[in-house]
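We did not get these values from a lab; they are worked out from the coordinates using the rules stated. Values in this document were obtained by computation on a predicted structure and should not be read as measured data. In this analysis, Cβ positions are derived from the backbone assuming ideal geometry, glycine residues included, and neighbour counts consider all displayed protein chains.
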C-alpha cells in the first residue's frame, strides 16, 4: 500500500441499510478526515480525527459516525442510510491539523 | 461559517495563461491551499500559501494577500491535461480546512 486507500470504490445501497466505508493510510499521519463532495457544493467535512483515539465533528456530521482505534484506519459508518447521503466520499490524512491533506481515491455511494 | 468564493467555470486556449481568483472570509487564517481535481479522481495538492506574496512552482503560481482575503492561482502555458477543477481551501482558527466549490477550467485546442 502506498498512500491512502478506500473501499469500496462504489456502492449502491438501499435506504435504511447500514454501511461502513473503509479508509487506510500507510504514511503514519496523525490526522485523518472524511469529506463528502456534492455537485456545486464542494468538499464538506463530515468528521475528523487529530490523533488515534480522538474524533471530532465537522460541518455535516449528522447520520455519520467514525472511530479511530489506531493510526492507520478511519472507518465511516452510516447507521441507516438515506437518499440525501448519495455522494462521493473522500478520506484524507495529514501529518498534523495544519499540514497538507492528501486524499484517497474516493467512494461513490448511491442510496436508493 | 466560512465563506470561500471562486468562479464556477473558466475556458482558455492551449498555450495561454489563466488566473483563478479566490476570496475568503473565515474565522481566522492559518494557510490557503490550492488543489487540482480531474473528473472522477481525488483532489491532488498544488500549492500552499501562508505569507503574503507569490509562490512559484513550474507552470503554476499562487498568490496570497491576507489583508484583502484574496488569493489567485496562475496557470501558464496551458496544456490540455490542465483541464480540471481547481479547489481553493482555507485553514481557519479551528484548524479545519474549508473548501470553495471549485473552478472548472476547460482548455481548448
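A straight chain from residue A:98 to residue A:26 at 0.36 nm per residue would run longer than the Cα-Cα distance by 24.0 nm.
Of all the options A:71, A:51, A:100, the one that moves most in a Gaussian network model of chain A with Cα springs shorter than 10 angstrom is A:100. Diffusion of chain A by Stokes-Einstein, at 37 °C in a medium of 0.692 mPa s and with Rh set to the Kirkwood radius over alpha-carbon pairs, works out to 238 µm²/s.
Per-residue Cβ counts within 10 Å, from other chains only, averaged over A:58-67: what number is that?
Numbers: counts 3, 4, 0, 0, 0, 0, 0, 0, 0, 0.
Taking the mean over all residues of the peptide, I get 1.
Residues of region B:89-109 with the amide nitrogen closer than 18 Å to a label point 7 Å from the Cα of residue A:108, along Cα-to-Cβ, please. Answer for this model: none. Taking label positions 7 Å along the Cα-Cβ direction at both residue A:5 and residue A:44, the computed distance is 3.1 nm, reported to one decimal. Counting, for every residue in A:87-97, the Cβ atoms of other protein chains within 10 Å of its Cβ and taking the mean gives 2. Ordered by the count of other Cβ atoms within 10 Å of each Cβ, fewest first, A:62, A:73 give A:62, A:73.
Note on B:67-73: average number of Cβ atoms from other chains within 10 Å of each residue's Cβ is 0. Between region B:61-109 and region A:49-109, what is the C-alpha centre distance in whole Å? Comparing the Cα centres of region B:61-109 and region A:49-109, I get a distance of 23 Å.
Between residue B:38 and residue B:93, the C-beta separation translates, for a Förster distance of 45 Å, into a calculated FRET efficiency of about 0.90. Here region A:38-91 was treated as a single set of alpha-carbon atoms; its pair distances binned every 5 Å from 0 give 4, 18, 29, 25, 15, 8, 2 percent.
Here the ratio of the Cα radius of gyration of region B:62-106 to 2.2 N^0.38 Å is 1.36. Every Cα-Cα pair in the protein assembly as shown was counted, and those over 22 Å apart are 51% of them. Relative to the compact-globule estimate of 2.2 N^0.38 Å, the Cα radius of gyration of chain B comes out at 1.02. Please identify, among A:92, A:14, A:81, the residue showing maximal mean-square fluctuation in a Gaussian network model of chain A using a 10 angstrom Cα cutoff. Of A:92, A:14, A:81, the most mobile in the Gaussian network model is A:14.
Using the scaling law 2.2 N^0.38 Å as the reference, what is the normalised Cα Rg of region B:24-88?
On the way: Rg = 12.4 Å, N = 65, 2.2 N^0.38 = 10.7 Å.
Working it through for region B:24-88, the quotient is 1.16.
A quarter of the convex hull surface defined by the alpha-carbon atoms of region A:1-48 gives 4.6 nm² as the mean projection.
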